[in-house]
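The values are calculated or read from the model by the stated rules, or taken from the named source; none is laboratory data. For clarity, every value in this text was computed on a predicted model and none was experimentally measured. All Cβ positions, glycine included, derive from the backbone under ideal geometry; neighbour counts span all protein chains shown. With ligands, DNA and RNA removed, areas are computed over all heavy atoms of the protein, side chains included. Shrake-Rupley method; radii C 1.70, N 1.55, O 1.52, S 1.80 Å.
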Amino acid sequence: MGASEPDSVKKKEMVHSPILTYFSVITLLSTCPPFVILLWYTMVHQDGSILNTFNYLKDNGVDGFVNIWPKPTAIAWKIIACYAAFEAALQLWLPGKRVEGPISPTGNRPVYKANGVLAYAVTLITYIGLWWFGIFNPTVVYDHLGEIYSALIFGSFVFCVFLYIKGHVAPSSTDSGSSGNIIFDFYWGMELYPRIGKNFDIKVFTNCRFGMMSWAVLAVTYCIKQYETNGKVSDSMLVNTVLMLVYITKFFWWEAGYWNTMDIAHDRAGFYICWGCLVWVPSIYTSPGMYLVNHPVNLGLQLAISILIAGILCIYINYDCDRQRQEFRRTNGKALVWGKAPSKIVASYTTTKGETKSSILLTSGWWGLARHFHYVPEIMAAFFWTVPALFDNFLPYFYFVFLTILLFDRAKRDDDRCRSKYGKYWKTYCNKVPDRIIPGLY
């Protein structure tokens, strides 16, 4: 069994009031799975209209909802199994540079193999090659998408039960333990760095190699489906697909940096992270492209190029924010920031083992504008790869709205965690960089 947790860690999920936290967790556990099916059904079978789906459910009630929920089929399970096995094999067997993650609360330092870019290239080349040479048609994935999502919903839930049991009986490190609440343990997770064997990191697989990779695979799938249906790809679909693939390429290029973020270094492996990456990412994150399959929009060259340039600029700024902080940390605060010596705060903190450590907090460059300014270009990038759908229906913008709420909540959780970790040093940091996300506003 892993080490017991101090009160500050046991209550990490209590960012909001206890009643609100319980309500939020129960609501998300019960509503996220059916929402995935409703979004797919509305996009594919109700012309993207929320009103059409509402009227259907009003007329048919619970039985109507049960009837639209696809049953997982053998072909859905085969597609998922082949994809998962392929990505797991790439994660294990492709060569990659040895990368160390940040020191954990109990003093552990995880080690990774950074082969994400190579796995990303192999995946897309293989997938497109299978289509090009007539071996496998990606339209099969689109045509069985509801069944695939249904299988993912149930299969990923079972996988989260496995993670819960593993955290209790066979944790991979001392960065594990129970909060004393079965619901929170299942939702937030038991282990920070769960592994199967010595080398197979579960969160790298669920977050990066299954979740983020599926985003790229499905973006290409939607593009091919529209091409095979209409004989051409609309400029709106091209802008959407290119911007998504540029963003995902940026993600895998920066993957080693992602292993230092909240998702990996602070959020444990439970329903919130793992089910989210296994189900929510391939369904919700890809939804603007899913909508465009049957709703091609002719933007015109000028508007299409304008949206494309604006989106790429936002993705670049988001990347440069992360690169700037990563380089600052790599050089122990000696790297130039915007051509000048960086402004910084040296903060000390105490681990759960009672050891005193120190960190450096960057207070200039992008990180002098706001404590989480990098979320602004990320949210705007999502807007630009959604706006090719224009404004006939709201549903394509759900991901944009969801991402905004997610990142604003994440910024608050990160601030609360850092306030608890750094104490007076964090107060000094907030005095120097007073805005949380939007300079001058929030």
Restricting attention to region 288-298, does a residue exist that is touching a Pro at 6+ places or on another chain (Cβ under 9 Å) and surrounded by fewer than 24 Cβ atoms within 10 Å (Cβ to Cβ)?
yes
Please return the ranges of helices (runs of 4 or more DSSP H) entirely within region 188-283 where 2 or more residues are more than 19 Å from L403 (Cβ to Cβ).
213-230, 235-253, 255-258
Candidates L369, L395, L390 - the one that is open to solvent by less than 60 Å² (accessible area, probe 1.4 Å) and modelled with pLDDT of 95 or more
L395
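Would you mind finding the one in K97, K78, K71 that is of a type in the set (K, R), under 25 Å from H266 (Cβ atoms) and open to solvent by 40 Å² or more (accessible area, probe 1.4 Å)?
Details: K78 fails: under 25 Å from H266 (Cβ atoms); K71 fails: under 25 Å from H266 (Cβ atoms).
Exactly one residue qualifies, and that residue is K97.
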Hits in region 188-232 (condition: free of Cβ contacts under 8 Å to residues at least 40 places away in the same chain and at positive phi)
G197, G231
Residue count, region 427-441, condition assigned to a helix (DSSP H, G or I), within 17 Å of R417 (Cβ to Cβ) and either open to solvent by 90 Å² or more (accessible area, probe 1.4 Å) or among the hydrophobic types (A, V, I, L, M, F, W, C) (or both), comes to 2
Pairs only if they're at least six apart or on different chains, beta carbon under 6 angstrom, first in region 233-255 and within 24 Å of F391 (Cβ to Cβ), second outside any helix (DSSP H, G or I) and at pLDDT 95 or above; list them, first residue then second.
S234/P296; D235/L299; S236/V297; S236/L299
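Criterion first (outside the structural domain of W385 (by the TED database), open to solvent by 30 Å² or more (accessible area, probe 1.4 Å) and farther than 30 Å from G289 by Cα) does I135 satisfy it? Spell out the reasoning first.
On the way: outside the structural domain of W385 (by the TED database): yes; open to solvent by 30 Å² or more (accessible area, probe 1.4 Å): yes; farther than 30 Å from G289 by Cα: no.
So I135 fails the test.
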If we ask which residues in region 61-77 are more than 21 Å from N393 (Cβ to Cβ) and either assigned to a helix (DSSP H, G or I) or touching a His at 6+ places or on another chain (Cβ under 8 Å) (or both), their number turns out to be 10
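Go through Y319, Y272, Y227 for me and flag whichever is touching a Phe, Trp or Tyr at 6+ places or on another chain (Cβ under 9 Å) and assigned by the TED database to the domain that holds W40. Show your work before the answer.
Numbers: Y319 fails: assigned by the TED database to the domain that holds W40; Y227 fails: touching a Phe, Trp or Tyr at 6+ places or on another chain (Cβ under 9 Å).
Answer to the selection: Y272.
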Report, by residue number, each residue of region 369-391 that is in a helix (DSSP H, G or I), of a type outside the set (V, I, T) and touching a helix residue (DSSP H, G or I) at 6+ places or on another chain (Cβ under 8 Å).
Y375, P377, E378, M380, A381, A382, F383, F384, W385, P388, A389
Restricting to region 353-366, what's the tally of residues that are within 15 Å of Y422 (Cβ to Cβ) and either in a helix (DSSP H, G or I) or within 28 Å of the chain's Cα centre (by Cα) (or both)?
5
Kindly list the number of the only condition in (1) open to solvent by 60 Å² or more (accessible area, probe 1.4 Å); (2) of a type in the set (A, V, I, L, M); (3) under 25 Å from S104 (Cβ atoms) that fails for L301.
(3)
Which residues, taken from region 148-186, are open to solvent by 40 Å² or more (accessible area, probe 1.4 Å), under 30 Å from V293 (Cβ atoms) and touching a helix residue (DSSP H, G or I) at 6+ places or on another chain (Cβ under 8 Å)?
F157, F159
Looking at the structure I just gave you, is K58 out of contact with any Cys (no Cβ under 6 Å at 6 or more places or on another chain) and assigned to a loop (DSSP other than H, G, I, E, B)?
no
Residues within region 331-362 that are at pLDDT below 85 and within 16 Å of K427 (Cα to Cα), tallied
0
Restricting the search to region 215-249, which residues are within 13 Å of the chain's Cα centre (by Cα) and open to solvent by 10 Å² or more (accessible area, probe 1.4 Å)?
Y247
Looking at region 107-132, I want the residues that are within 14 Å of Y83 (Cβ to Cβ) and have a partner that is outside any loop (DSSP other than H, G, I, E, B) and at pLDDT below 95 with Cβ atoms under 8 Å, at least 6 apart or on another chain. Which pairs are those?
none
Can you find a residue in region 332-351 that is open to solvent by 30 Å² or more (accessible area, probe 1.4 Å) and either closer than 30 Å to P288 by Cβ or within 27 Å of the chain's Cα centre (by Cα) (or both)?
no
Before we move on, is V140 surrounded by fewer than 19 Cβ atoms within 10 Å (Cβ to Cβ), over 21 Å from the mean Cα position of the chain (by Cα), among the hydrophobic types (A, V, I, L, M, F, W, C) and at pLDDT 95 or above?
yes
